[in-house]
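**Student:** Starting off with a structure, shown below.
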Amino acid sequence: MGDEARVPIASDADMVPARAEARALAEDLGFSPTDATLIATAVSEIARNIVSHVGLGEIVMTAIVEPDRRGLRVVASDEGPGIRDIEKALEHGYTSRKGLGLGLPGARRLMDDFDIASSSGGTTVTMTKWRFLDELERLRERRNSRPAERG
Amino acid sequence: MTEGERFREAYAKGLRGYLLVGGEGQLRIAYELGRTAVAEELGVLELADAHHGALVAAVRAERSGDEIERITRAAGDFFRESLSAFEMVQRGFREAREGAVTARHHAAMVRRLSDLLADGPLPGDREGFTDELLVLIAEEARELAEALACLVTVAGATPGSSAAGASWEAGDSGWSELLAHASVRALADLVPRGSRALRLRGDELTAIPAMHALALEAPRATAWRSWLAAPLWALDGCRLGAIQLFDKPGPGFSQADEDVVVHLAQMASAALERRGWTAA
């Protein structure tokens, strides 16, 4: 499994490879089709945000493997003028699209962790979706991590 | 042609494209269709209707059971993608509704506290007032943050003038004993001086040395999934006491929980100071 994917964002068309990479990583990590759709949608929203407000940026997606959970971290960065009021940008209803809560607030609600760092030199959005291993998976993990026994 | 008819036509075209070509490019069209439906304020029933009509058209000429199954499964993927924008809106609606409920609850709590302050006893009768206030704060904090238990402690300037109020979920008598542990009360000291609050996940809390002794005395404390504390600061910067919240099901205490508890701590501090309470 490739654990990192990097997609430059310069136009709406770049949303397709970004979504495809997100979905492929999500499937590799065992996320359900529904969660893979939610991740692809969140990635689309932040890609759209880059194209609409800055024009150029990059999305890096990383698989996270921990003992009891798997995660897909998405980091979207641009070198635009930054977001003046982050709290307001994340409020429900504060968007240019009729205040329906799409865009950044929508992406935040689809993911588990969400953080924005913004300054006059650019903006970085970091968001992660987690999947906790079930009991059977944890058992398999433990079995696979044991050193091979000599017969 | 009405907006709804135009949408149904676009949806049918998108689904035909996905069934022919497949791939992420076509799924992106489904996502865009869902976004358009949301932006044009079409309902989820209209989207379902568009999907059903397009699916019926796609399978009408098919005779092979395998092909019908393939089409139906692929159409399900396309439909799921188109629904994702509605999911975003639904989650936003839920969040706004929860925010409104919390705000109403918060306002009611502020009114109750204000009434208590207005009707409260004079400084000379401080003890009864303080106990009542601390229990009320503990109940409100626990309820607002959906914690399993809450402990509010204050330490006065004179010996024996400390007080505490606690609240825990009904039927769990174990909390009474647990919250009486000196090391549980001392956890409030983890909040750095000058900080408004400290919020930790269960794993972060159990890694703290102060928790090791507590884990020996009360193993149950190691199962807390989250912990939140907000000190009660006097105007001169002295610490009057603290509100501690223990264990919250789900992802743990949120920023909104922290804000509410900090507000409660500020109100409690003001109430205590107005009644002549001075820090230890």
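None of the figures in this text is laboratory data; all of them are computed from the coordinates on show. Please read all numbers here as calculations on a predicted model, not as lab measurements. So basically every Cβ, Gly included, is an ideal-geometry build from the backbone, and we count neighbours across all protein chains shown.
**Student:** For B:K248, go through the aspartates and glutamates and keep the ones whose alpha-carbon is under 14 Å away, minus same-chain ones fewer than eight residues off.
**Tutor:** B:E143, B:E146, B:E169, B:D203, B:D257, B:E258
**Student:** If you take the square roots of the eigenvalues of the alpha-carbon gyration tensor of the stretch B:150-198 and sort them as a ≥ b ≥ c, do you get rounded (a/c under 1.5), prolate (a/b over b/c) or oblate?
**Tutor:** The shape class here is oblate.
**Student:** Also, quick follow-up: Considering only B:S167, B:S64, B:S269, give the residue with the highest GNM mean-square fluctuation for chain B, with springs between Cα atoms whenever their separation is below 10 Å.
**Tutor:** Of B:S167, B:S64, B:S269, the Gaussian network model singles out B:S64 as fluctuating most.
**Student:** Looking at the square roots a ≥ b ≥ c of the eigenvalues of the Cα gyration tensor of the stretch B:120-274, which shape do they give, rounded for a/c under 1.5, prolate if a/b is larger than b/c, or oblate?
**Tutor:** It comes out prolate by the Cα gyration axes.
**Student:** I've got another one for you. Mean 1/r over all different Cα pairs, inverted: what Kirkwood radius does the protein assembly as shown give, in Å?
**Tutor:** Working: mean 1/r = 0.0397 Å⁻¹.
It works out to 25.2 Å.
**Student:** Rounded, prolate or oblate for the stretch A:4-142? Axes are the square roots of the Cα gyration tensor eigenvalues, ordered a ≥ b ≥ c, and the cut-off for rounded is a/c under 1.5.
**Tutor:** Numbers: a/c = 2.04, a/b = 1.79, b/c = 1.14.
Prolate, since a/c reaches 1.5 and a/b exceeds b/c.
**Student:** Moving on. Once you average over the residues of B:76-82, how many Cβ atoms of partner chains fall within 10 Å of each Cβ?
**Tutor:** Values: counts 1, 2, 0, 0, 5, 6, 1.
Counting other chains' Cβ atoms within 10 Å and averaging over B:76-82 gives 2.
**Student:** How much mean residue ellipticity at 222 nm does chain B get from its helices, if each DSSP H run of length 4 or more adds -39500 (n - 2.57) and you divide by all residues, to the nearest 500 deg cm²/dmol?
**Tutor:** Calculated at 222 nm, the ellipticity per residue is -20500 deg cm²/dmol.
**Student:** To the nearest 0.05, what FRET efficiency results for B:A103 and B:R73 with a Förster distance of 30 Å applied to their C-beta separation?
**Tutor:** Here the calculated transfer efficiency is 0.10.
**Student:** Hey, which aspartates and glutamates would be in cross-link range of B:K13, C-alpha to C-alpha under 17 Å, not counting anything within fewer than 8 residues on its own chain?
**Tutor:** Within the straight-line limit of under 17 Å, B:K13 reaches these aspartates and glutamates: B:E3, B:E5, B:E24, B:E32, B:E46, B:D49, B:D77, B:E81.
**Student:** Along the charge dipole of the protein assembly as shown, which of A:A40, B:G174, B:A207 sits closest to the positive end, that is, farthest toward it, with unit charges on the beta carbon of Lys, Arg, Asp and Glu (+1, +1, -1, -1)?
**Tutor:** Farthest along the dipole direction, towards plus: A:A40.
**Student:** Sort B:W227, B:W233 so the one with the fewest other Cβ atoms within 10 Å of its own Cβ comes first.
**Tutor:** B:W233, B:W227
**Student:** Give me the percent relative contact order of chain A, please, defined on Cα pairs under 8 angstrom at least 6 residues apart.
**Tutor:** Details: 271 pairs, mean separation 33.9, N = 151.
Averaging sequence separation for qualifying contacts and normalising by length gives 22 percent for chain A.
**Student:** For the stretch A:51-87 and the stretch B:73-118, write down the distance between their C-alpha centroids in whole Å.
**Tutor:** Cα centres, the stretch A:51-87 to the stretch B:73-118: 25 Å.
**Student:** Among B:195-207, B:172-184, B:140-152, what's the highest-first ranking by average C-beta atoms within 10 angstrom per residue?
**Tutor:** Highest to lowest by the protection proxy: B:140-152, B:195-207, B:172-184.
**Student:** Let me ask another. Report the longest stretch of chain A that contains none of the trypsin sites (Lys or Arg not before Pro) sitting in a DSSP loop with at most 15 other Cβ atoms within 10 Å.
**Tutor:** Free of exposed loop sites, the longest segment is A:1-83.
**Student:** With a cap of 16 neighbouring Cβ atoms within 10 Å, and only residues DSSP puts in a loop, list the chymotrypsin sites (Phe, Trp or Tyr not before Pro) found in the stretch B:1-65. Present the calculation step by step, with values, prior to reporting the outcome.
**Tutor:** Values: sites: B:F7, B:Y11, B:Y18, B:Y31; in loops: none.
The qualifying sites: there are none.
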